[in-house]
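Trainee: Below you'll find the structure I mean.
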Amino acid sequence: DFPPPPYSETCRQGLYPPKEKPTDIATYEVNLDLPPAKRWAQLAADKAAEMKDLISVIKKLVNSFSGGLIIDLVDKDLPKLLSGLPADSVAEMQGIAQAANIPLGEIFLYNVFYEFNAF
Amino acid sequence: CTSIVAETPSGEIHHARDMDFGLLMGWDTQNDTWLLTEKLRPLIVTGDFTRNNQTIFKAVSFAGYIGVLTGMKPQKFSLTVNERYSVKGSGLSGILKWILGQRTGSWMGFLTRDVFENVDTYAEAKAVLSSKLLIGPIYFIIGGVNSGEGAVLSRSIEKTIDTHDLDAKNGTWFVLETNYDRWKAPLFIDDRRTPATRCMNEMGAANATLANLFNVLNTKPVLNKLTVYTSLMNVKAGILETYIRFCADPCWPW
């Protein structure tokens with residue numbers, strides 16, 4: 001139930017500040033002095049269920065256009081795929097995978113999904 | 001996505017964005033929502049990246065994602081990333097090269113994270129983001145603290161195709177990017193650029209505040225069913241505010 005383009009809605013006024021608060025979004029310290037594998041541990045543990053929920057959707061969507069090829073590739077060739085990434089990034093993803101109890105390949109897929117989505 | 005960098009007559013720089021994500025990623029016919037978009041909202045967090053107990057930069061992120069799609073380094077620069085779709089050099093070739101072992105290009109998320117950790121000036125951030133080889137095409141939108149410090153970099157895998165800089169003295173007091181090259185017409189059914197530009201011009205440079213940018217970004221269809229959050233940034237003041245957004249019906253799906 002929306003009109004077709006061209007869009008003609010009047011520019012909105014007076015919406016700020018919205019009833020939502022910036023503090024509704026949790027802030028986490030990412031301490032770069034810690035070993036990479038420990039930087040995201042608390043966040044990953046707190047949000048594990050939501051991350052699993054999202055990744056299951058991503059896997060279904062990736063499977064729907066690749067017929068399982070990409071997921072198989074990530075599962076089988078993960079060490080090779082990770083080998084060209086910055087060491088700290090790999091360690092951070094390993095830390096997240098461990099804290100959230102999610103396979104590392106799925107965390108990697110999640111972290112590169114923005115590029116996959118574009119193509 | 002829609003990203004805007006605006007300069008006021010006094011030379012203050014504001015940077016704001018709507019993060020839209022999940023296009024064609026499963027439409028929930030019962031609730032008229034995008035499946036992936038709905039799953040992303042509970043994952044929104046603000047990261048306060050510290051060294052020696054001091055904030056180095058702040059970023060709006062999705063839990064589990066270690067890159068930066070929206071971020072601000074106080075007193076230095078701000079950055080947002082918008083998806084760029086390109087049939088020629090779509091990113092498929094970059095991903096295939098990566099899989100086959102040719103590791104010359106950078107994944108965008110890891111690159112932006114590296115820029116925030118290791119770069120300290122607007123000019124250097126702009127230079128790095130302009131020149132690095134990438135896995136796929138992208139728009140980088142950067143802002144700074146001084147007059148003229150704002151730009152949209154239209155990136156292919158290999159190079160910067162176009163740089164659109166703030167130039168308030170010559171009338172360009174804002175730069176605005178959705179998901180289309182500025183020298184081409186946007187897709188007819190996904191034209192957020194025209195209404196956003198109209199609202200910016202109605203607002204005028206003298207009224208370019210974060211509050212008014214929030215109004216622009218929450219005018220439909222700039223705000224749409226894909227919008228996950230709106231972020232407002234002022235690098236000089238060290239402000240990064242983020243609001244989770246929902247688009248009440250009637251609302252365009254993108």
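None of the figures in this text is laboratory data; all of them are computed from the coordinates on show. Not measured: the values here are computed from a predicted model. Heads up, the Cβs are rebuilt from the backbone with ideal geometry, glycines too, and the neighbour counts pull from every protein chain shown.
Trainee: With the requirement that a residue be closer than 9 Å to A:Ile96 by Cα and within 9 Å of another protein chain (Cβ to nearest Cβ), what does the range A:32-47 give you?
Mentor: Residues satisfying the conditions are A:Arg39, A:Trp40, A:Leu43, A:Ala44.
Trainee: Right, here's the next one. Pairs only if they're at least six apart or on different chains, beta carbon under 7 angstrom, first in the range B:1-22 and within 18 Å of B:Lys236 (Cβ to Cβ), second among the small types (Gly, Ala, Ser) and part of a loop (DSSP other than H, G, I, E, B); list them, first residue then second.
Mentor: Qualifying pairs under 7 Å: B:Ala6/B:Ala208; B:Glu7/B:Ser147; B:Thr8/B:Ala208; B:Gly11/B:Ser147; B:Ile13/B:Gly144; B:His14/B:Ala208.
Trainee: Would you mind telling me which numbered condition in (1) within 8 Å of chain B (Cβ to nearest Cβ); (2) closer than 30 Å to B:Leu187 by Cβ; (3) among the aliphatic types (A, V, I, L, M) A:Ala26 fails?
Mentor: (2)
Trainee: Scan the range B:205-212 and give yes if some residue there is facing chain A (nearest Cβ under 8 Å) and crowded, with 22+ Cβ neighbours inside 10 Å, otherwise no.
Mentor: Scanning the range B:205-212, I find at least one residue that is facing chain A (nearest Cβ under 8 Å) and crowded, with 22+ Cβ neighbours inside 10 Å, so the answer is yes.
Trainee: Now a separate question. Answer with yes or no whether B:Ser86 is of a type in the set (S, T, N, Q) and at the interface with chain A (Cβ under 10 Å from one of its Cβ atoms).
Mentor: yes
Trainee: Follow-up. Assuming B:Tyr85 fulfils every condition listed in (1) surrounded by 22 or more Cβ atoms within 10 Å (Cβ to Cβ); (2) in a loop (DSSP other than H, G, I, E, B) apart from one, which condition is it?
Mentor: (1)
Trainee: Buried (at least 17 other Cβ atoms within 10 Å of the Cβ) and either in contact (Cβ under 8 Å) with a residue 40 or more places away in the chain or over 25 Å from B:Ser90 (Cβ atoms) (or both): does that describe B:Glu202?
Mentor: In short, no.
Trainee: B:Leu213: out of contact with any Leu (no Cβ under 6 Å at 6 or more places or on another chain) and of a type outside the set (S, T, N, Q), yes or no?
Mentor: Yes, satisfied.
Trainee: Can I ask one more? Tell me which of these A:Asn63 doesn't satisfy, since it passes every other one: (1) exposed (fewer than 15 other Cβ atoms within 10 Å of the Cβ); (2) farther than 19 Å from B:Thr46 by Cα; (3) facing chain B (nearest Cβ under 7 Å).
Mentor: Every condition holds for A:Asn63 apart from (3).
Trainee: Right, A:Glu92: touching a residue at least 12 places away in the same chain (Cβ under 8 Å), crowded, with 21+ Cβ neighbours inside 10 Å and assigned to a helix (DSSP H, G or I) or not?
Mentor: Answer is yes for this residue.
Trainee: Restricting attention to the range B:117-157, report how many residues are under 18 Å from B:Met233 (Cβ atoms) and assigned to a loop (DSSP other than H, G, I, E, B).
Mentor: Residues in the range B:117-157 being under 18 Å from B:Met233 (Cβ atoms) and assigned to a loop (DSSP other than H, G, I, E, B): 9 in total.
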